[in-house]
Every structure is written in structure tokens, then in C-alpha cells.
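The values are calculated or read from the model by the stated rules, or taken from the named source; none is laboratory data. Computed from a predicted model, the values in this text were never measured in an experiment. When we count neighbours, we look across all protein chains shown, and the Cβ atoms used for this are built from the backbone with ideal geometry, even at glycine.
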């Protein structure tokens, strides 16, 4: 009994033959060494032997783990019972064996023995510790098969006779000498493309790859493939042979040309299993003219290209005729079938011309026939000699007194006549031709002077002159002969000479002076050039009478640059113009890409550009009271802003929220106080007016402030006593009081939360741009929320016209970047705005700021809540499917309302249905999260877009006796600050419920370290603003952010959309790239149809 329980090595119980095979297999590692320590008792081996007979292997898999470990996963089955054994091993030993068994009839050791034997078997086959994986081995096996494959022959056969009456191509395919007639051409193409076996007979049953074909075979296969995909030949074959498989190609015009091209390249075509010879003939059609002078007739005979009895073997292509005879293919390359068709000419035909048509034949038809090169013409001279002289139209051109003079005549032999003027002369004239010449002159814009009997065209007739020089002269040459006087030749000679303009740039204190000049051109001539170009003229005349062509690369570059700057060339006065100094950098960027336009600039301009490109900032003196307060990155922000202001430029401080943008601006205000006696204006959202007041009192009490408030009368009185104070007002107040600001000049205007002017057409955007201020700054943590038009609006405030007019910006930047994802344009825009945007992230400049962790918590809808959600979803999908994109845009507000209902159902059905009696999955999950966080001693901020949802949560919190604070849009400003102070002073857990819009700005709640977003919003910037109420300077703890999302609903897709929009904002500022941010009907259907 003791021996029966004695443990012995598994290796000793293995079948000797299996051991030999295993030991003779070349493997990276010896699996026998891996299992060397595995020991079991004799009874366990016996039990395993019985078990192995009852099991079958369903699946197995080797997979690598970390640190040189591997896993063998074995799935076994006995009828409907399934078992799993996992063996974790290294290259030295078995680490662990796990058995998952549904029955207890057999011990786990018996399963281990069975699994170890299977492990050895599959190890021998797959060598799993070698780095080549199973997918790669499949590829290797395919390549191994390829090495033993015979090449495939595809032979084209020409058959001059078929049921359709057309010659046809048929094909044979096979290998070695065994060739089979191909019964389906589409079948061959499908087989090659889809890697299906092509079954033709005993000697051909295999897949066919492109690489299997020799050169000739591949050429014929490509021909078949192109015809199957595109050619009209397929349709002809299907029409003619609809009852049979498509196995041959009728040789029509285009296919004949393709066959000839292949044969010309040396590809072999067969007939009756014999290669066809290929030849090229230079023969032309015989065109024989017999003139009968007595009867005034001419007879023309067009001979056959080949003997008439062989015409059935002549194949008409589109490019040439082809003749098959005696196993030879001949191309007649000098005869054009299309020319013959165009003029109704047929081989073997006889043409007879009478007295009325002989002139047309001799003067019009025969020259064209001879010039075509298709014919060998005989008898032409005799016919022409019998005809009267042909009319030759001569256009005599002169230039006098700023007019082009044209005197046309018709010449017959040695005689000349005025057009259509009849004489007593017996000369047979072509009045139709003369009339056509007269009409042509008038079409060029010439007018006839009866007194002087001449045609004239004034140089000042801009459109007519452009057309005449562009194409009119060529039209005259086509109709006859053009003769020019010396004066007209000089005019033409000047047109060919090129001229260039250059641009002079001078940067003054507040302006940029532009001067256009040109070699040997007076200021008046420069203005003439600019005006003519603006009018889209092609030619212009200088003061000295010279005519010039306006085609000038330098002028084209100048026009494009000015257009980009929103400037018309007409705005120049004698070639000069003055624009604001802040256009300097944009102008320089435009000039960088324009090689043809040369420019010169003064030292001040060059120094400014160099400083901006290199990011150089002046080390301006920091206000003494803030030296120890400003952090290093805030000092850089201060110096960056003051440098821009010194250059009379504006700037966008786009630091991430929580980095102290307010303090940086206060430092600039202190510095400006020493330089100017003018007041400054700060425009902010109403919710942060008092926050700015508090910050200025704290950091710069020496600055005199006026916080505009009270009634309109009180605000008027406040503005009337303005001297050099800092004024703080809200966007709404500014909009209402705009007239009161008309007479006030400000040194500096600052707008906080600049996304408030994202809509350039809105009254508030227009208001901040109307203010008379020498300098402007903008602050925002999210400069691009939804699209690039917001960026344009901000820069239109900072430096009007800097990014051009909006229509230009939209077509040149916004559309290519957002819709077309043009990376080059994105990079170009980033380079242009880079010197005027400063953005730092907390993770880069605040190494001591605690981390921010985000986690999505999913709540699965169920029961009645899920039913209501699904019903509303299907209703919206049905509505969208009935709409096209135009309807969608018209009814977007109704669609938005339906989406809002879906979001409310995700939050809690009570928001829509007062009598709802079910549960809210998300509310239950949120309450559990709140209670756990409160129990752990955390203070919490909870944000929701729906104030009614906050009310429901507040009720639950009161029932749970949790200390709760609430801020919504209706909470008065001063009350907000009181609640914030109370919350921050608390030394025990509490929760602050805040509506997303009300709590996005001007609130400092760094005492909280847990943030909960109850419902996601399309715009992640709004959520980030809310989050940064806690994650900002002053925070001493890691901040945990939770996003509550209803699983399998529209909320999941909202989170995806957030990521897209956040990427747009970040990438525009960093210059790394751009993405789309538009939600259209297709996007919405994709969101709903999950």
C-alpha cells in the first residue's frame, strides 16, 4: 500500500515512443526539463489513464506572460461537461497548475496529469517559447508552399470567326503542357482576388496568385481584369452570349487597340496553337482624283486598304486598322479610323463633285485630306489648276493715337478688294468668306469708321483690349494673314517684356508703412498697375505710351498677400499705404512663402520679427510689491505681456485654469500705472466681478478701482469721474452702457473668460471691440470650445484684421483644418498665432501641484427607467430617419430638446415624469459614492447641468444628514462668495452642489478634493472649468474626479465627443494638428444606434 502511494516522476510513466519523438524534435527549450519536478502516485496515474479516455481536447493556447513566464490554457470536454486547466510555466519549471472542474468524480491531480501530457504534445508541435508566433507561422507555411508551386500559363487565342460576327479572344490556362480552355473569365478574376481554388481538371486544381504568372500570362490577365471591371466589351459579350458563360472577348475597337499594344510589347498571341507574327505597315489609303474640265466635274475613288475579298479580316480599332492574314497581325499605323468616320469617308467608295462644289473640294476639303496623312493623293494639281484663285484674307494692323487700326482686304491672286465691296471686275469672289472675316473683326470689338474706311479699337476699352491681345490676334491668324506696321510691332514687343514690383516695409511707433515700387516706374504708373490688376485687366498702358502685360508673379504675390491682410490694391495711394503695426508678423509670414515678391524692411521691423520668432521677451521690471508673490512662470507671463504691449501688440494668455492669470494681469496693471495716466478696463463675467475686486485689493491695494454697479444712473456717475483708475465691469453691463464709454480713452482693455466673445456677431463681442483702448489683452483657459471661428473672434478683438476678414479666414483656414483635416494649414495657422498666445499647463509649471485622477463610473439602466429611455431613443431615431441634412438644420432645436430628454432620463426619470415610481440607477450609484467619500473624510464638489437634478440630490443628502451647500445661476453674487468662504473654512466633510454653468468660473474651492460630474456635457471645456475649481493653486491633496455615466446610452457617446473637442482646443494652441468638431445628423444617428 505504501508503494502504491509513493510519488514518481511523470517522465517515467510516459510512452517510450513518445519520449523518443519528443527528444528528437528540435526545440528552443526541453519541455521534459520543465516538467522534471512533477511527481504523482501510482493510483493518480491510473486514475488519469481512465480520465484521459473519457476526455477530448476542445481548444488550447500558449501565450506569453511578463518576466519570461508563459501560460498553457487547455479546454477539455466530456459530452456537455467542460473543464479547463491552466499551466503557468517558465523555461525552467512549472510554476502553477490551476484546475477548473465541474465534477468531483476525478481528483484535480488526475486532471493535472492529463494536462501535462497534452502540454508536452503541443509543446513539441508549436515550440511556444520561440518568439515566432502562430500568425507568423501561418505566413511561413504559405511561403513554403509557394516555393514548390509551378508557374501558371495563361494563353490568349485569336479566333477570326464567331457567332457574333466579330473576331474573339479565348483563353487557355494551366501548368507545364496541360492547358485547359477557360470557361469563365469573371471566375478567373474572382479566384485570383479571393484566393479561391480554380478547379479545371486532373492537372489543375489550385489557387492562382499574381506571382504565379509569367510575363505574357500576367499581361493577358491584367487585360481580362480591366475588361471585367470597366470595359464595354463585357456588356457586348453578355448581350450576345447571355445563355452561355462569359468565356470569350469580342474584339471591338478598344480591345483591338489593347491587343495591338500588348503584341507591340512582345506579348504572344496564338491562333490554332501557333504564335501569331506581328508587323507594322506604313501604307496609306489611295485617294485618286480624276478631273473632267469639259463637264466641270471631279470623281474621287478611295481604294481598299487590303484586297476587297479580305475586308472581313480587317479589324477597325480606335487608333488604327489591323489586318489578320496567314497567321500574321499587321497594324496600319498611318490610317486613322476616327478621321474617316468624322468626315464620312469609306473604303471602296466613289465621290462625284459638280461645278457648284469644285471650289469647296479644291480649296477646303483636299488641303485637309492631304494634311491628315491618311491618304496618298493623286490628281490634285490638275484639279486645283482649273479652279479660280482662292480668297486670301489679309488683316493689316497699325497703332495710332492710342487706337489699334485694322484694315482688312480680300486678295485673289494679284488683286485686292475691300471686304464685301462689289466691283465691275469679273473676278469670281468668295463673298461668304469675306463676310465671315468682317464678322470676326467686329467680334474682336473693332468699330467701323465710314469716313476713313477703317476699323479701330481704343486702348482704353479694357475688356475688348484684353480679349484681343489674349486670343483675338490668334483668331485673325487662323482666318487669314496678319500684317503689322512698325508701330504695332513695337506695341506687341512691349507686351512680351516682363516687369516686377517690390515692397518696401517700414515699422514706425504704431504703424506699418508699405510702399510698392518698380524698376523705372513712376508712382503714378505704380498706381495704374495696381488699379488695373484689381480690375482684373490683362494689359495696361504707362504714361510714356508703352503697353504692358499684367502677367507678373511678383504682382500676383503682392495681390494675394494684401488679400490675406484684408486690403484691396485700390486702397494704395500712389503705391503707398499705412496699416496698424500689429500686422507686421502676419505680413512677414505671408512674405516667407512668396519667392517672386522682393521686399526691403527697416531695422525696427527686422528686430520685431526676430524677437517674436525667437520668443524673446524684455526683462521688464517687476512691480516691487509682487516680486516675492509671483511664481517663476507667472514672471514669464508678466514679461511676455509687457513685451507685446511695448510693441503695441495684443496677446492671449491661455494658461490652464488655476494658474493665476488674474495675478499676472494685476502685475501688468501695476507696471502700466507708472507709464500712463489713462484708465484701464477689465471686462469679466458677472459671477467674477467681486472676485477680481478681491484679488486687486489683496495684491495691488495701491491701484484705485471702480467696480461698476448699481442703476444705470449710478454707473453713469461712476464713469463721469473716471481719471486713471482700473474699471471692472461685466459683459452685460458693458453691452448696456456702451454709449457711456464713447468719450473715454483707455490705456489697456482686458477681457476675462474670452470665450464669451466666441460669437463675433453677438452684441457683447461687438461691444468689447468698440472700446477705445491703446492696448488689449484676453484671458481664457479654453480659447477654442467648439470651432476655430472662436479663435478668429478673439484675435479680431486683440488686433482687428490680424487674421484677415472672417470669410477669408473661414475659407483659408477653418474649413481646410476642421473639415478637410489639412495638417499643413493647421501648422501654418499655429505659426502665425504662436507669438501672441501663451499657454502653460499645470503639469508643466506646477510640479508641486497634486495629481488629478479621473475615473468613469458606469450605472446600468434597468426596469422602467430603461424602458422609458429606449422608447424615447427609438422615437428620435425615427424622426431623424425622416429628415435629410437640410431638415436636420432647420429642426435642430426640436432635436436638441429630444436629446435633452434622453439625458434627463439617464439622470433620473423624475425630471420628466412627476408620477414616476421606479428607481434611478445613476442616482443610487452616486449616493453610494458620496456616502463612501464622506465616510473617508473628503469634501466633495458635485456638478450637474440640471438644477432640478441638484434639487433631487439635495433631498437625498438631507435625508442622509450630510452637510450640503448649493450654488445655481439664481444664487446672488455676494451670496456665492459667502457660501464659498463657509465651505472652505469647514474642517469636516461636506458636499457642494453646483450647476455646471454657474460654477465654471470665478470660484475657488481648493478645500475639496473629490469632484463628481453627475451628467456629461458635449463641451469638455465646461467640465474642466468646473473641475479646476478644486484643482488649482492652493490645493494640497490629490484630486479625485468621478464621471457618472449611464452605460449603453447617449452619455457614453458624449464622453467620446468630449475627447474630440478637447483635442481640437489643445492642438490648435500647441500647433500639433487639428480635428473636426461638428455634430451633424450622421453623427447623431451613430450615437443613438448603438
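Laid out as a table, the results:
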quantity: Per-region count, the stretch 324-354, residues crowded, with 20+ Cβ neighbours inside 10 Å and within 16 Å of residue 374 (Cβ to Cβ); calculated: 3
quantity: Leading residue by the ranking (nearest to residue 672 (Cα to Cα)) among those in the stretch 637-648 that are assigned to a helix (DSSP H, G or I) and in contact with a strand residue (DSSP E or B) (Cβ under 8 Å, 6 or more places away or on another chain); calculated: 645
quantity: Any hit, the stretch 75-87, residues being outside any strand (DSSP E or B) and at pLDDT 85 or above; calculated: no
quantity: Among residues of the stretch 27-48, those that are free of Cβ contacts under 8 Å to residues at least 12 places away in the same chain and either in contact with a helix residue (DSSP H, G or I) (Cβ under 7 Å, 6 or more places away or on another chain) or more than 23 Å from residue 88 (Cβ to Cβ) (or both), counted; calculated: 1
quantity: Every residue from the stretch 913-935 that is farther than 15 Å from residue 960 by Cβ and in contact (Cβ under 8 Å) with a residue 12 or more places away in the chain; calculated: 913, 916, 917, 918, 919, 920, 921, 922
quantity: Matching residues, the stretch 456-472, being touching a strand residue (DSSP E or B) at 6+ places or on another chain (Cβ under 8 Å) and either without any contact (Cβ under 8 Å) to a residue 24 or more places away in the chain or in the same structural domain as residue 538 (by TED's automatic domain parsing) (or both); calculated: 464
quantity: In the stretch 450-465, residue nearest to residue 408 (Cα to Cα) [restricted to those that are surrounded by 12 or more Cβ atoms within 10 Å (Cβ to Cβ) and out of contact with any helix residue (DSSP H, G or I) (no Cβ under 7 Å at 6 or more places or on another chain)]; calculated: 454
quantity: Answer residue from the stretch 203-217, given it is without any contact (Cβ under 8 Å) to a residue 24 or more places away in the chain and touching a strand residue (DSSP E or B) at 6+ places or on another chain (Cβ under 9 Å) and is surrounded by the most Cβ atoms within 10 Å (Cβ to Cβ) among those; calculated: 207
quantity: Selection status of residue 505, assigned to a helix (DSSP H, G or I) and within 41 Å of the chain's Cα centre (by Cα); calculated: no
quantity: Tabulated pairs, the stretch 757-774, first under 26 Å from residue 678 (Cα atoms), second assigned to a strand (DSSP E or B), C-beta under 6 angstrom, 6+ apart or interchain; calculated: 768/683; 768/751; 771/749; 773/746; 773/749; 774/747
quantity: Members of the stretch 741-774 that are over 40 Å from the mean Cα position of the chain (by Cα), crowded, with 18+ Cβ neighbours inside 10 Å and over 23 Å from residue 663 (Cβ atoms); calculated: 741
quantity: Criterion: assigned to a helix (DSSP H, G or I), at pLDDT 90 or above and surrounded by fewer than 18 Cβ atoms within 10 Å (Cβ to Cβ) - qualifying residue of 146, 109, 190; calculated: 109
quantity: Scan of the stretch 279-315 for residues that are surrounded by 16 or more Cβ atoms within 10 Å (Cβ to Cβ) and within 18 Å of residue 264 (Cβ to Cβ), ordered by number; calculated: 281, 315
quantity: Subset of the stretch 372-410 [under 26 Å from residue 297 (Cα atoms) and free of Cβ contacts under 8 Å to residues at least 60 places away in the same chain]; calculated: 372, 381, 384, 385, 387, 388, 389, 390, 391
quantity: Candidate set from the stretch 539-565 (those that are assigned to a loop (DSSP other than H, G, I, E, B) and buried (at least 19 other Cβ atoms within 10 Å of the Cβ)); member that is modelled with the highest pLDDT; calculated: 552
quantity: Conditions (1) over 21 Å from residue 246 (Cβ atoms); (2) modelled with pLDDT under 90; number of the one not met by residue 199; calculated: (1)
quantity: Where a residue in the stretch 798-826 is touching a residue at least 60 places away in the same chain (Cβ under 8 Å) and its partner, wherever it lies, is exposed (fewer than 15 other Cβ atoms within 10 Å of the Cβ), with Cβ under 8 Å and at least six apart; calculated: 818/1078; 819/1078
